[in-house]
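The values are calculated or read from the model by the stated rules, or taken from the named source; none is laboratory data. These numbers were taken from a predicted model, which means no experiment stands behind them. Quick reminder, even Gly has a Cβ in these numbers, built from the backbone with ideal geometry, and neighbours come from all protein chains shown.
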């Protein structure tokens, strides 16, 4: 590979790594600060991706829209819709043990998948939505466009990071992290905590939607097969636990490191003899599944362990 | 002199890494009743839980008939002849009264189960006509009786009671103390923690006043009741009908 | 009317039976180990594939292979507990939920690596249904599935009510600490919970294979209805879970039955039924229909 090729491989890596960093920060808001288990990340991601795709793509005969709206509008609406789904589910589940939310969030992801596959008038079914634009596409093309996009993604990573930091140092954020590891205590504190948890869940869902919309712009085409839903959910979890839940910088580091490992395993499994090559994707899944168990047992506090934010005098 | 049934020796214990009782000593002789009293948060329940392996012991020792039970593990104590009744949540609510009693025999089966059951039910006549009911439907006093009955089903030699009268009406209080005396007369040794100090010391062979997790006064029940200092500091304020509800000691 | 029974009610009871077998394990594990076991569906898949291997290698019928597959799945479950769940036992249970989510992926990708992703059938060919009273048509596999589930339900009832181990399981599910104080060996109860849960899951997985085909997503697709069934029946109430499974299975088939030419829900949204039932439960009656407990 030439130096040039290597550089653009790196750009592509940073683009997807950045999208995952947003997902991971969003999950950190929900789990790291709110103590809420979300097993349906892919659902929120899909809501965002389809919202962005439908709103910003050029008019199409095969499904509703596209509305050819500016990308920023698409991102905002994607966040709002995803946040609404998050609000509905959080309202029902925050008062219950985390396991119930886990079950319900798996359900919401499944329903969203069903809608995406079945409602062809809306999503064009399994054929997917094509012609999704990228920002400033008219001014830049080819490899320059890749660079513009990676910058765009990382601007949004920065925004997500700032929001997550604010949540972290908020009074409720402190309380929540203190009791995250003790669900009995969480249950005894009551309504105010539940409001904070609902809020973190909604804000997390908003950013998951934005990450979904970003990847639709990046792929330029989005269909039910564009991503494996379970993979999105699972990778994000591995990233957060490995990076250190409760810590925003850890979440970003975890996203990049795990995305690097994930990309590396692809190179490794490509070396396998051809009869195994078709199964390489599953070998990679197996490895990442084992990796999660390893991290859970040995590195539970993550690569960048959580440090409580310093108390600043007001 | 015979080996005491239970010796707590310079015990320091607590939850997590926090010690709540410090260097506490308790000795319980065969067929005696030892009562631990003291103000709220003195570490009374913590001490009892330590005997039952439910929290962390940092130093000292606990000897049952001369051998250490520090590392025995909770579930292994029942087969050795030690039974405990925790303060709250001490029955299995979705199991019937009979089933609760049956559970008591699983870890250490009495020689003649039917005989033991009949004997224990004669101590607790209230339970007799509720055998098929779920324990969750019983009143507070009945639950307490069922909890003690369950602990007795294994024919133990040592009974640990954590505030057996907590939350009970004065009428029930008398019944429970009478029962404890009756149980002792069948040959058991009893270690109990009590909030109703005055009545408890009256039936105690030995009393221990625990303050801030340390032994403050030790003596026979009558000695402590007669001790002016103890009376003033720990018994004075306690009216006869005091109905103190809870003292969980836990942080 | 006969069309309703033949094409909606009986398939509904069959599907419900399969859910019921899986939900019993989910409910017991939630009650005793206090976590939602996300890998339970994939234990079903594991059982179905072990049976498939036996059918291929030994040429036996899947029903003959069933006991061995159940034993195999039980061993897998005990191993999973040992390797992945037990080390996390002292932590808040949500960590075990995360671990089980990972285990689901491990099991599935292992099956995909070993057996590939194509769907398989236990025995090819079309089974002629049995016909009763001229118009009641039941496939023999449906009779097998429904009657086995019925037998399991009866056996389970007596086991929980009258056996020592069954009562100990209910006691641990009620209050694990009190159970330890009463001298119950909780680790043994936990091991037995895994064995029962895994055996029933394997059975359910094989039944799915008999009814349709064996594929790697077989169990994962059933996870949501199984959770819903366990919630419906009340956590820690295995008999409730059986009822819950039947209700959800029947409901899923019935929503697409056309009443006056209109069906309530298009068949492609069948699996949404479980989710809707679950949400309604969580809003109005999280302890389930049958006086189950609400875990905190």
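Of note:
- Among the residues making up segment B:57-78, a single one is within 14 Å of chain C (Cβ to nearest Cβ) and in contact with a strand residue (DSSP E or B) (Cβ under 6 Å, 6 or more places away or on another chain): B:69.
- Here residue C:270 clears all of (1) closer than 18 Å to residue C:13 by Cα; (2) at the interface with chain A (Cβ under 10 Å from one of its Cβ atoms); (3) under 15 Å from the mean Cα position of the chain (by Cα) except the condition numbered (3).
- Of all the listed residues (A:122, A:139), the sole one being assigned to a loop (DSSP other than H, G, I, E, B) and surrounded by fewer than 20 Cβ atoms within 10 Å (Cβ to Cβ) is A:139.
- Under the condition of being out of contact with any strand residue (DSSP E or B) (no Cβ under 9 Å at 6 or more places or on another chain) and away from every other protein chain (no Cβ under 13 Å), the residues counted in segment B:142-175 number 13.
- Qualifying positions in segment C:116-142 - out of contact with any helix residue (DSSP H, G or I) (no Cβ under 9 Å at 6 or more places or on another chain) and part of a helix (DSSP H, G or I): C:140
- Qualifying residue in segment C:32-39 (condition: over 13 Å from the mean Cα position of the chain (by Cα) and in a helix (DSSP H, G or I)): yes
- From the options B:180, B:176, residue that is in contact (Cβ under 8 Å) with a residue 40 or more places away in the chain, in contact with a helix residue (DSSP H, G or I) (Cβ under 8 Å, 6 or more places away or on another chain) and assigned by TED's automatic domain parsing to the domain that holds residue B:199: B:180
- Just one of the listed residues (C:78, C:63) is more than 14 Å from chain A (Cβ to nearest Cβ), surrounded by fewer than 23 Cβ atoms within 10 Å (Cβ to Cβ) and closer than 24 Å to residue C:180 by Cβ, namely C:78.
- From the options A:39, A:61, A:26, A:78, residue that is surrounded by fewer than 24 Cβ atoms within 10 Å (Cβ to Cβ) and out of contact with any strand residue (DSSP E or B) (no Cβ under 9 Å at 6 or more places or on another chain): A:61
- For segment A:238-292, the set of residues classified as farther than 23 Å from residue A:38 by Cα, facing chain C (nearest Cβ under 9 Å), out of contact with any helix residue (DSSP H, G or I) (no Cβ under 6 Å at 6 or more places or on another chain) and assigned to a helix (DSSP H, G or I) consists of A:276, A:281, listed by residue number.
- Taken together, the residues in segment B:57-71 that are without any contact (Cβ under 8 Å) to a residue 60 or more places away in the chain and touching a helix residue (DSSP H, G or I) at 6+ places or on another chain (Cβ under 7 Å) amount to 2.
- Here residue A:226 meets the list (1) in a helix (DSSP H, G or I); (2) touching a helix residue (DSSP H, G or I) at 6+ places or on another chain (Cβ under 7 Å); (3) modelled with pLDDT under 90 almost entirely, failing just condition (1).
- Selected residue (criterion: modelled with the lowest pLDDT) from residues of segment B:90-109 that are part of a loop (DSSP other than H, G, I, E, B) and surrounded by fewer than 18 Cβ atoms within 10 Å (Cβ to Cβ): B:109
- Per-region count, segment A:93-114, residues free of Cβ contacts under 8 Å to residues at least 40 places away in the same chain, in a helix (DSSP H, G or I) and surrounded by fewer than 20 Cβ atoms within 10 Å (Cβ to Cβ): 1
This table checks each residue for (1) crowded, with 23+ Cβ neighbours inside 10 Å; (2) more than 13 Å from the chain's Cα centre (by Cα); (3) at positive phi.
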site	(1), (2), (3)
A:195	no, yes, no
A:200	yes, yes, no
A:205	yes, no, no
A:213	yes, no, no
A:229	no, no, no
A:236	yes, no, no
A:241	yes, yes, no
A:252	yes, no, no
A:257	no, yes, no
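- Scanning segment C:163-208 for residues that are crowded, with 24+ Cβ neighbours inside 10 Å, more than 10 Å from chain B (Cβ to nearest Cβ) and more than 16 Å from the chain's Cα centre (by Cα) returns a single hit, C:169.
- One residue alone among C:107, C:114, C:91, C:160 is within 30 Å of residue A:288 (Cα to Cα), under 21 Å from the mean Cα position of the chain (by Cα) and within 14 Å of another protein chain (Cβ to nearest Cβ), and that residue is C:107.
- Close pairs (9 angstrom Cβ cut-off, 6 or more residues apart or separate chains): over 27 Å from residue A:160 (Cβ atoms) and more than 14 Å from chain C (Cβ to nearest Cβ) in segment A:183-202, modelled with pLDDT of 75 or more and outside any helix (DSSP H, G or I) anywhere: A:191/A:95
- Residue check, residue A:87 closer than 30 Å to residue C:270 by Cα and out of contact with any helix residue (DSSP H, G or I) (no Cβ under 8 Å at 6 or more places or on another chain): no
- Criterion (away from chain C (no Cβ under 14 Å) and not in a loop (DSSP other than H, G, I, E, B)) met by exactly one of B:122, B:45: B:122
- Test: residue in segment C:20-29 that is buried (at least 21 other Cβ atoms within 10 Å of the Cβ), more than 19 Å from residue C:107 (Cβ to Cβ) and within 14 Å of chain A (Cβ to nearest Cβ): yes
- Any hit, segment C:209-216, residues being part of a helix (DSSP H, G or I), touching a helix residue (DSSP H, G or I) at 6+ places or on another chain (Cβ under 7 Å) and buried (at least 23 other Cβ atoms within 10 Å of the Cβ): yes
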